[in-house]
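This report concerns only the one structure given below.
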Amino acid sequence: MAARPATPASPKNFKVKAPQPGQPQYGCEHVQRLFNQDQATTNTSIQHYKMILRSIFDTTPLIPQTAKPMDSAAVTILTPTYLCLQCPSTLTEEDRAKHGHKKAHRFYVDSRSGGVYCQMCDDIVWDPTFEELRLRKIGTGTFSTNRKRKNEDELFAADPSKESLQYISTNTSIASCKANGLRGIYNAGATCYQNVVLQSFLHNPVLRNFYLSDGHQSSNCEIPHCLSCAMDDMFQDFYALENTNGYTAANILSGFWISDKKAFENLVTTKEQDAHEFFQFLAEELHERNGDGKKPETGSEHSCNCIIHQTFYGKLQSTTTCQHCGGVTNQVQSFLDLSLPLENLTQKRGKKNSGAAKGPAHMTLTECLDEEYIKSDKCEYRCHNCNSMQQARRQTAIKRLPNVLSIQLKRFEFKQGRNERAAKIDTPVHFPLQLNMLPYTNRARGGDVKDNYELARSCTYDLLSVVVHVGEIDTGHYVSYCRVGDQWFQFNDHKVELAQKSDVLGAKAYLLFYIIRSLT
């Protein structure tokens, strides 16, 4: 008997879930119209929805979280993207409306939950047909109704091998990025300068461990509008709650606005302010709440065992040598950060390159450090040996390095003269992922340390976060880059995007935060 000729398989027709008592048959009138067009549209919509759910729940999160904006390159973000139900596009929240207007596509799938969003309703809609598929996929890993839960037999079977470390390692999934503090902060009106500093604090392992281990006892704190209590709440929300939406730093803002620190009263406005000044304010405020309560005095060797001093504070030693008698005077003072001027180096570089081909002037971070902590300056001072004013040379070195080194590249300079004004220095400064600070310490000047590996390692830092000012001095905007494990992320207020090392190293940094390698 001749074999029956093969015929093309008939396409499977999907059915809309039958109405249940007390439940609507459709998620909204627009989904009803979609399903009532014709069988082909119903088939396509349900089949595409199943493909999207597989993309969300069966593949790496990078795929559904990578949006392809209409007018720019693909970008991977932390907040939900929207996968179009009517075409293969993956869109950000901002591009979703543009896409709908251009293509007349009205239905999208939330990349985090798999829920269906209706653009005409401007909301996630609960549709029985779509919801049943979503719950099946989450619950059993399949859309079939006659299969057991994935690995159900193995789950309840007695198997001694499951106690082995190899089995546990093989069958343990890595914690989601939501447990790593990856979350944006909403801009509350020109507060981006605060947001970037808060992100650098949130992704600082020393501060994170302090607050997550109840280092600040918020329940026992009686100080109203305490900023340390607000930071404690913020760390708990970022590292304990499974939420990737933007965070409203209301408690931080209220504590900041109510603070009686007169030195920072210019920050309390609705205008864009300086991120470095806010960093200094926040560090001093947290020191007073967790330390000895004394304000750190500029130029003094302030000692305190609080978390801020353990994290950020180091010590500088200035050595002044009289040119007349050779007498030496040493002065030690604490520092919160290192401020590196750019203007003089920029001018020197400009003069040096004046005869060369025109191009963007640039310098390196080590050149800026060399200028401040290796070279000496001429000065006048009253010599105690000579008992008179004498010419001298002064050199500054780092006596004690902090656990987290904060560096400010002084991009904002105030020009004095007839037309007094503030100016921004846009000169690129190349900075490394790893920084050796040994040459800038007084230990490096005490003898030959080239072969001292342990000493060099104790002075090696890894880049932790970068604060960048974009735009003009009066109308600019702050963004930051923070490292979580080995991966970099860009924080732009409530938006969080995956970043590459080249993006970080190519940024025009304003603030740099390095962490000592021995802590990582």
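Look through L253, L286 and report the one residue that is at pLDDT below 90, assigned to a helix (DSSP H, G or I) and open to solvent by less than 50 Å² (accessible area, probe 1.4 Å). Give the steps one after another, and end with the answer.
Values: L286 fails: at pLDDT below 90.
Answer to the selection: L253.
Scanning region 228-246 for residues that are open to solvent by 20 Å² or more (accessible area, probe 1.4 Å), under 20 Å from Q65 (Cα atoms) and of a type outside the set (A, V, I, L, M, F, W, C) yields E242, N243, N245. For region 42-53, the set of residues classified as of a type in the set (S, T, N, Q) and open to solvent by less than 30 Å² (accessible area, probe 1.4 Å) consists of T42, N43, S45, listed by residue number.
For I56, state whether it is open to solvent by less than 30 Å² (accessible area, probe 1.4 Å) and modelled with pLDDT of 90 or more. Against the criterion (open to solvent by less than 30 Å² (accessible area, probe 1.4 Å) and modelled with pLDDT of 90 or more), I56 does not qualify. Determine the pairs where a residue that is in contact (Cβ under 8 Å) with a residue 12 or more places away in the chain and more than 21 Å from I77 (Cα to Cα), located within region 102-113, has a partner that is part of a strand (DSSP E or B) and of a type outside the set (S, T, N, Q) with Cβ atoms under 9 Å apart, the partner being 6 or more residues away or on another chain. Partner pairs satisfying both residue conditions: K103/C84; H105/C84; R106/C118.
Only a single item in (1) among the basic types (K, R); (2) touching a strand residue (DSSP E or B) at 6+ places or on another chain (Cβ under 9 Å); (3) under 27 Å from R183 (Cβ atoms) is not met by K103, and it is number (3). Of all residues in region 67-95, those that are open to solvent by less than 30 Å² (accessible area, probe 1.4 Å) and free of Cβ contacts under 8 Å to residues at least 60 places away in the same chain total 12.
Return the residues of region 234-249 that are at pLDDT 80 or above and either of a type in the set (V, I, T) or over 16 Å from the mean Cα position of the chain (by Cα) (or both); say none if nothing qualifies. Answer for region 234-249, where residues must be at pLDDT 80 or above and either of a type in the set (V, I, T) or over 16 Å from the mean Cα position of the chain (by Cα) (or both): Q236, A240, T248. Among the residues of region 257-283, the ones that are crowded, with 18+ Cβ neighbours inside 10 Å, at pLDDT 75 or above, part of a helix (DSSP H, G or I) and in contact with a helix residue (DSSP H, G or I) (Cβ under 7 Å, 6 or more places away or on another chain) come to 6 in all. Looking across region 471-507, the residues that are part of a loop (DSSP other than H, G, I, E, B) and either more than 14 Å from Y193 (Cβ to Cβ) or open to solvent by 70 Å² or more (accessible area, probe 1.4 Å) (or both) come down to E472, D474, T475, G485, D486, H494, Q500, G506, A507.
So which strands (runs of 3 or more DSSP E) are wholly in region 62-133 and hold at least 2 residues that are among the hydroxyl-bearing types (S, T, Y) and closer than 22 Å to K50 by Cβ? Walk me through it before giving the result.
Details: elements: 82-84, 107-110, 116-118, 123-125.
Those strands (runs of 3 or more DSSP E) do not exist here; none qualify.
Of all the residues in region 96-131, those that are open to solvent by less than 10 Å² (accessible area, probe 1.4 Å), over 23 Å from Q25 (Cβ atoms) and more than 30 Å from the chain's Cα centre (by Cα) number 1. Residues in region 450-466 that are surrounded by 13 or more Cβ atoms within 10 Å (Cβ to Cβ), more than 17 Å from P432 (Cβ to Cβ) and not polar (S, T, N, Q): L455 alone.
Considering region 211-227, the residues that are part of a helix (DSSP H, G or I) and modelled with pLDDT of 85 or more include one that is most open to solvent (accessible area, probe 1.4 Å), namely N220.
The values are calculated or read from the model by the stated rules, or taken from the named source; none is laboratory data. Note that the coordinates shown come from a computational prediction; the quantities given were computed from them, not determined experimentally. Glycine gets a Cβ as well: all are built from the backbone with ideal geometry, and neighbour counts include every protein chain shown. For accessibility, only protein heavy atoms count, side chains too; no ligands or nucleic acids. Shrake-Rupley method; radii C 1.70, N 1.55, O 1.52, S 1.80 Å.
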